[in-house]
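The values are calculated or read from the model by the stated rules, or taken from the named source; none is laboratory data. Since this is a predicted model, take the numbers as computed values, not measurements. Cβ coordinates were reconstructed from backbone atoms using ideal geometry, including for glycine residues, and neighbour counts include every protein chain displayed. The protein model used for the area step is the full one, side chains on, heavy atoms only, and it has no ligands, DNA or RNA in it. Shrake-Rupley method; radii C 1.70, N 1.55, O 1.52, S 1.80 Å.
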Amino acid sequence: MFRASVLTIFPEMFPGPLGLSLAGRALNDGLWSLEARDIRASATDKHRSVDDSPAGGGAGMVMRADVLAAAIDAASPAGDRRPRLLMSPRGRPFDQARAAALAEGPGVVILAGRFEGVDERLIAARGLEEVSVGDYVLSGGEIAALTVLDATVRLLPGVMGNVQSGESESFAEGLLEYPQYTRPQIFEGQAIPEVLLSGDHKKIADWRLAEARRITAERRPDLLIRPERSESRD
Ligand code: SAH
């Protein structure tokens, strides 16, 4: 079973949205597990503080390496084979390929930062992989952790109702998804493209591929030239 542990000072944010819908049903059915650990439980002073002022001065607070190390060691003892991720705007951008790789493994340990971030020494000392969910700054790593878990859990065997819906969606083949339509046949004067009503499966597949290529070229030309895209999914 895929085991997720999240280290946070706001454990009440979990499972949050992951307790609903596909991920929530899978959690209830035991297809994956989620443990949210309070970092404050690893603090040693009477105020249970996890942060302190930055060495060298400046604004804000920094999460202490010793407290975080104790929290990681409690959640993930030596011999735990799960990758350890630190949510961080400096990290490698999270993508569908990373989600698929995580889904194939034993689980994940995720450290959600707060304040100005974490003491740099912790990162190497506990082998943390910095992962970003986008080029913007969140107020904490919890929503980033939920994002990483949501994208990963829906790829676990048995979680997504219709397996095929994962095979044709955005990024699966290095392309963005083609346009989708459903009833009514006419919406405010706009009809569904005729080819989709033709019943000709070959023509429909060709049209969808052409549309996926057109939309990708228009919106995300970087996806068409990215060399690693062939390993994203097979
Ligand atoms: N001072 C930091 C930002 C700290 S934001 C900087 O300039 O880089 C506080 C925490 O939110 C971070 O430690 C991280 O865990 C989380 N966070 C913020 N933006 C994020 C992003 N784009 N991706 C992943 N985590 C993020």
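Take the Cα atoms of the chain, build their convex hull, and give its volume per residue in Å³.
It is 180 Å³ per residue.
How large is the dipole of the stretch 75-156 about the Cα centre if only Lys and Arg carry +1 and Asp and Glu carry -1, each at its Cβ, rounded to the nearest 20 debye?
That gives a dipole near 200 debye.
How high is the FRET efficiency between A191 and A97 when r is their beta carbon distance and R₀ equals 30 Å, given to the nearest 0.05?
So the FRET efficiency works out to roughly 0.20.
I'd like to know which of A59, S198, L85 lies farthest towards the positive end of the charge dipole of the chain, counting +1 on Cβ of Lys and Arg and -1 on Cβ of Asp and Glu.
Result: L85, furthest along the dipole toward the positive end.
Round to a whole number: what % of the accessible area of the chain belongs to carbon and sulfur, probe 1.4 Å?
Roughly 52 percent, rounded to a whole number.
Obtain the nm distance between the two label points defined at I215 and K203 by a simple spin-label model: each point lies 7 Å from its Cα along the Cα-to-C-beta direction.
2.1
Show that you can apply the helix-only estimate: for the chain, add -39,500 (n - 2.57) for every DSSP H stretch of four or more residues, divide by all residues, and state [θ] at 222 nm to the nearest 500.
-9000 deg cm²/dmol
Can you give the accessible area per residue of the stretch 1-81, in Å², using a 1.4 Å probe?
Normalised by residue count, the accessible surface of the stretch 1-81 is 54 Å².
Write down the Kirkwood hydrodynamic radius of the stretch 1-129, to one decimal in angstroms, obtained as one divided by the mean of 1/r over all alpha carbon pairs.
15.7
To the nearest 10 square angstrom, how much accessible area does D45 have with a 1.4 angstrom probe?
Near enough 60 Å² of accessible area.
Could you give the accessible area per residue of the stretch 86-234, probe 1.4 Å, as a whole number in Å²?
61
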